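The values are calculated or read from the model by the stated rules, or taken from the named source; none is laboratory data. Nothing here was measured: the structure is a model prediction, and the numbers come from that model. Neighbour counts run over all protein chains shown; Cβ positions are idealised from the backbone, glycine included. These accessible areas exclude ligands, DNA and RNA; they are computed on the full protein's heavy atoms, side chains included. Shrake-Rupley method; radii C 1.70, N 1.55, O 1.52, S 1.80 Å.
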Amino acid sequence: MVERVEAIVKRELLAWARKSAGFDLLVAAKKMGTTEERLLSWEAGERHPTITQLRKMGEVYKRPIAVFYLPVPPKGFDPIKDFRHISEKERQEYSPTLLLEIRRAYSRRESAIELYKDLEGTVPPSKLQIKISDETEAAGTKVREFLGITNEKQMLWSDDRHSFNGWRAAIENKDILVFQASRIPLKEMRGFSISKSPIPAIVVNIQDAVVARTFTLLHELTHVLIGKEGVCDLTGDAEIEVFCNAVAGAALVPRDSLLVQPELQQKRAASGWVDEEMSSLAHRYKVSREVILRRLLTVGRISAAFYKTKSAQYKELRKKHALITKQRKSGFAPPDRKAVSSFGKLFSRLVLNSYHHEKITASDVSDLLSVKINYLPKIEMAIFG
């Protein structure tokens, strides 16, 4: 008969691990193949799980088994503010998947800081800060100047993906990490940010359309620059979300640049715009038609009524397009491309430079980039050329 070996751990650790992973008792028990009553008895200290059960718990909560033997629950990330526009009826705690992604972003940021210190000695602070009281057009101009994005550079980007990568590279060049999450439904999160200095972090949802991700990048960058991190869906009407949306729009489609475009030189009624013109402007700036629509309202070239009508139309079209795209989506990216896309070039470069300077091992590189060692040459080619 196999001896039942109990894991003598503190009950506080068990409850902390479950709650910090975002699971209620019923769901956690089901995933572990046990009962709600038994799990509750472990957390109450009335019984102890076996070593095997503890390992299963670690798998479900995405925690190393060693964490359950700490003297007290560790202080992880502080829960970041919820800026999502969700009704009280629909509102719920962050899902385990989102919580895991937030934990990973905090962990990668800490790793990046340590790698930077080992390589450079010190980590430079951010050189730009803006305030929510700033005028949004001026703030958008500051963001563009901070990133070094000129009208000429923006107009030369060949397509939406090139534009996204261009903005992402400019942000990463300012020592701001940019990650892409892949398993979170869009209805739960479009993006989130960690504004702490040094080396803040932005996470966007790769399930979103490319132009939408570009807007999220600038929205979350604004959160970073005002020092107000949070989880966003970009539809909220809170003051901070309205401000971040306005600054993102001003950075992507500058007022002075927009006003000299050929479409704005014509005399017309506020409702005299056609979809082809909206699409042409959107293509030029590599943004969505909804961004162009909002910018035209901001510069006084369309009425609020026209904006409301068109915005509703574009929203419905976007839903249909997203559904079609999801149905057609197939295939997968090779591991090396997936790693660079998910972790970004800044984080990947820090990891590879640390490896080449013998600060970390090949195994460390594999763990940090979640990829097998044999893919490193391809990743190096993508990062260093």
Cα gyration tensor shape of region 18-137, rounded if a/c is under 1.5, else prolate or oblate by comparing a/b with b/c
oblate
Quick one: if you stick a label point 7 Å off each Cα along the C-beta vector at S95 and D159, how many nm between them?
2.9
Subtracting the Cα-Cα distance from 0.36 nm times the residue separation, let me have the gained length for E135 to H283 in nm, one decimal.
50.6 nm
Once amide H atoms are built 1.01 Å from N in the peptide plane, which residues 5 or more positions from F179, or in another chain, come under 5 Å H to H?
I202, V203, V204
For H357, project a label point 7 Å along Cα to C-beta. Then give me every residue of region 112-152 with its amide nitrogen under 18 Å of that point.
112-125
With every protein chain left in place and a probe of 1.4 Å, what is the accessible surface of Y69, to the nearest 10 Å²?
110
How large is ³J(HN,Hα) for each residue in region 11-26, as worked out from phi by the Karplus curve 6.51 cos²θ - 1.76 cosθ + 1.60 (θ = phi - 60°), to whole Hz, x for Gly and Pro?
4, 4, 5, 5, 5, 4, 4, 5, 5, 6, 8, x, 9, 8, 4, 5
A correct Karplus calculation of ³J(HN,Hα) over region 332-339, with 6.51 cos²θ - 1.76 cosθ + 1.60, θ = phi - 60°, whole Hz and x for Gly and Pro, returns 8, 7, x, x, 5, 5, 4, 4
Angle between the Cα long axis of helix 160-172 and the longest principal axis of the chain, 0 to 90 degrees, nearest 10?
60
Take the alpha carbon gyration tensor of region 128-248, find the square roots of its eigenvalues, order them as a ≥ b ≥ c, and report rounded if a/c is under 1.5; if not, report prolate when a/b exceeds b/c, else oblate.
rounded
With Cα Rg over 2.2 N^0.38 Å in mind, check [x] 0.98; [y] 1.12; [z] 1.30 and report the label derived from this structure.
[y]
How many angstrom separate the Cα center of region 1-69 from the Cα center of region 100-149?
38
Which percent, nearest 5, of DSSP beta bridges in the chain are antiparallel?
55
Over 23 Å between Cα atoms, which of K174/K319; K142/K196; K62/K338 qualify?
K174/K319
With H48 itself left out, Lys, Arg at +1 and Asp, Glu at -1 over residues whose Cβ is under 13 Å from its Cβ give +2
For F384 and H321, compute 0.36 nm times the residue count separating them, minus their Cα-Cα distance, and round to one decimal in nm.
19.1 nm
Report, by chain and number, residues whose modeled amide H sits under 5 Å from the one on K10, excluding near sequence neighbours (fewer than 5 apart, same chain).
none
K30, K81, reordered so the largest accessible area comes first (probe 1.4 Å):
K30, K81
Heavy atoms of T298: accessible area, 1.4 Å probe, square angstrom to 10
70
Taking amide H atoms as placed 1.01 Å from N in the peptide plane, list the residues 5 or more away in sequence, or in a different chain, whose amide H sits under 5 Å from that of D233.
R84, H85, R190
Between beta-carbons, use under 11 Å as the cut-off and find the net charge around L100, counting Lys and Arg +1, Asp and Glu -1.
+4
Hz values of 3J(HN,Hα) by residue in region 247-257 - Karplus curve (6.51, -1.76, 1.60), Gly and Pro given as x
5, 4, x, 5, 6, 6, 10, x, 4, 4, 5
GluC sites (Glu not before Pro) restricted to region 111-175 and DSSP loop, no more than 15 other C-beta within 10 Å
E135
For region 147-189, shape from the Cα gyration tensor axes a ≥ b ≥ c, cut at a/c of 1.5 then a/b versus b/c, turns out oblate
Among trypsin sites (Lys or Arg not before Pro) in region 201-282, those in a DSSP loop whose Cβ has at most 13 other Cβ atoms within 10 Å are K267, R268
Tilt of helix 289-298 relative to the longest C-alpha principal axis of the chain, in degrees (0 to 90, nearest 10)?
60
Suppose each label sits 7 Å from its Cα in the direction of the beta carbon; what would the E276-R55 distance come out to in nanometres?
6.7
What is the antiparallel percent of DSSP beta bridges lying wholly in region 138-282, to the nearest 5?
60
With the full set of protein chains in place, find how many percent of the accessible area of the chain is carbon and sulfur; take the probe as 1.4 Å.
53
Rounded FRET efficiency, nearest 0.05, which uses the C-beta distance separating K31 from V242 and R0 of 45 Å:
0.70
Residue-count net charge about G191 - beta-carbon cut-off 15 Å; Lys, Arg +1, Asp, Glu -1
+1
